[in-house]
Amino acid sequence: MGAVIIGMDPHKRSATIEVIDQAENVLAQGRFGTDTEGYRTMLALGRRFGQRVWAVEGSNGIGRHIAQRLVADGETVLDVPAKLSARARVFATGQGRKSDPVDAHSVAVAALRTTGLRQVSADDATVALRLLADRRDTLGRARTETVSRLHTLLLELVPGGAKKHLSAPQARALLNTVRPRDIVGRTRRQLASELITELAVIDKKIKDADRQLSDLVKATGSSLQQLHGIGPSGAARLIGDITDIARFASRGHFASWNGTAPLDASSGDHTRHRLSRAGNRRINRVLHIMAVVQLRHDTEGRRYYRRKLAAGKSSMEAMRCLKRRLSDLVYRQMVNDATRGGTGPGGQRGASMQSSAADPIPTVNSSEKSLPGPARTQRRTRAGVPS
């Protein structure tokens, strides 16, 4: 008998599975808890079949916890995107009604009929980088919210309020200059003092997080932080989300994946492109921050941006062009890291379909290829943007 497919519809506390053979005959099914006892029972059922492959829907989302347990126990696990299983369910039933057994069957059928599904691998350092980058982003949002609330209170306490970019010591010094006598003013001052204390704690956590991210990025052998505008958080996000740059066949594929490649919106004799709202928005944000930092300093990126403005492009169009060029720069830097023989996360070659990257390998079309222009030897500048 050929290998069986064990389709799984995972949840936090339960998992429903269905075992089918190569002819899509149902051999076994059941619903199990995800606690230790339930997991062992489910694994024992699956191991009744000698040749088996587990197909888990959303193994980078709700199914990650159980997919990783299966991989740790030596099982072969494939990641089935939710869109594929939903398509199989609609084609099989003619409608979109859902239930756990139906979903498990759809996952198994989708895995059986689809080639090239990503095989789940054990978590490595890229997962740690991704987790810490998420934590760093959360701290950044918390700081922004805290400063915003502090500004609101200081505006009521100090004529004209405080400056835009405010640190905890600066806010404390400003607050010490006011001594309101009424109960409302004293309450505002008390709340402002508490927010300043919270801000100091958040700033310390951000500093510690940046130090930890910098050490982890350095341990991978990555040179991304040498690029102007990429700090520890940005480098960690790039390595954590991309995982293996070898899964992108070209810089055009990479730009399509991160949303900096323009989309073709031509009609008739009118040729035009528009901004892509698709792609990995976290990586797109890293590239946007990189572009903003380069525009604030005397860099080749800023000179490139000004050349685009002089050519008649709007500020938004010039920014899109700059982000597209920076995408190419990041791609080349990561490829160079891999070519130098790096074996760490983000710099390993040849993972292809076995990669543990969170997003599917993209395809490319004419509108997503690199920006047109004469072929020239690209030179490096201190900003790192090719001229």
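Structure values in brief
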quantity	calculated
Total residues in the range 52-78, condition outside any loop (DSSP other than H, G, I, E, B) and open to solvent by 50 Å² or more (accessible area, probe 1.4 Å)	5
Residue check, Ser267 open to solvent by 70 Å² or more (accessible area, probe 1.4 Å) and modelled with pLDDT under 90	yes
Selection count, the range 134-156, where residues are farther than 30 Å from Asp241 by Cα and either surrounded by 17 or more Cβ atoms within 10 Å (Cβ to Cβ) or in contact with an Asp or Glu (Cβ under 7 Å, 6 or more places away or on another chain) (or both)	4
Residue pairs meeting the criteria (Cβ under 8 Å; at least 6 apart or on separate chains; first without any contact (Cβ under 8 Å) to a residue 60 or more places away in the chain, in the range 47-69; second of a type in the set (S, T, N, Q))	Arg52/Thr76; Val53/Thr76; Trp54/Thr76; Glu57/Ser85; His65/Thr34; Ile66/Thr34; Ala67/Ser59
From the options Ile239, Ile202, Ile230, residue that is surrounded by 24 or more Cβ atoms within 10 Å (Cβ to Cβ) and more than 26 Å from Asp298 (Cβ to Cβ)	Ile239
Members of the range 107-129 found to be aliphatic (A, V, I, L, M) and in contact with an Asp or Glu (Cβ under 8 Å, 6 or more places away or on another chain), listed by number	Val107, Ala108, Val109, Leu112, Leu117, Val120
Qualifying positions in the range 3-41 - within 13 Å of Val107 (Cβ to Cβ) and hydroxyl-bearing (Ser, Thr, Tyr)	Thr16
Matching entry among Phe32, Phe49 (being under 32 Å from the mean Cα position of the chain (by Cα), of a type in the set (Phe, Trp, Tyr) and open to solvent by less than 70 Å² (accessible area, probe 1.4 Å))	Phe32
The range 87-102 - residue that is open to solvent by 30 Å² or more (accessible area, probe 1.4 Å) and outside any loop (DSSP other than H, G, I, E, B) and, of those, modelled with the lowest pLDDT	Thr93
Of all residues making up the range 243-257, the number that are open to solvent by less than 10 Å² (accessible area, probe 1.4 Å) and more than 17 Å from Arg324 (Cβ to Cβ)	3
Output for the range 103-126, where each listed residue is touching a residue at least 12 places away in the same chain (Cβ under 8 Å), open to solvent by 20 Å² or more (accessible area, probe 1.4 Å) and of a type in the set (Val, Ile, Thr)	Thr114
Residue list for the range 174-192, restricted to those being among the aliphatic types (A, V, I, L, M) and open to solvent by less than 100 Å² (accessible area, probe 1.4 Å)	Leu174, Leu175, Val178, Val184, Leu191, Ala192
Single residue of the range 150-188 satisfying the filter (of a type in the set (D, E, K, R) and in contact with a helix residue (DSSP H, G or I) (Cβ under 6 Å, 6 or more places away or on another chain)) that is farthest from Leu139 (Cα to Cα)	Glu156
Close pairs from the range 157-173: first crowded, with 17+ Cβ neighbours inside 10 Å, partner assigned to a loop (DSSP other than H, G, I, E, B), Cβ under 8 Å, at least 6 apart	Leu157/Val178; Leu157/Pro180; Ala171/Ala162
Residue count, the range 77-136 (criterion: farther than 20 Å from Thr16 by Cβ and aliphatic (A, V, I, L, M))	8
Test: residue in the range 276-296 that is modelled with pLDDT of 90 or more, in contact with a His (Cβ under 8 Å, 6 or more places away or on another chain) and closer than 22 Å to Asp134 by Cβ	yes
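Every residue, every condition in (1) free of Cβ contacts under 8 Å to residues at least 60 places away in the same chain; (2) surrounded by fewer than 19 Cβ atoms within 10 Å (Cβ to Cβ); (3) of a type in the set (A, V, I, L, M, F, W, C), yes or no:
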{"residue": "Met290", "(1), (2), (3)": "no, no, yes"}
{"residue": "Glu300", "(1), (2), (3)": "no, no, no"}
{"residue": "Ala310", "(1), (2), (3)": "yes, yes, yes"}
{"residue": "Arg320", "(1), (2), (3)": "no, no, no"}
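The values are calculated or read from the model by the stated rules, or taken from the named source; none is laboratory data. Note that the structure is predicted; figures quoted are calculated from it, not measured. In this analysis, Cβ positions are derived from the backbone assuming ideal geometry, glycine residues included, and neighbour counts consider all displayed protein chains. Remember, those area values only see protein heavy atoms, side chains included, never the ligands or the DNA or RNA. Shrake-Rupley method; radii C 1.70, N 1.55, O 1.52, S 1.80 Å.
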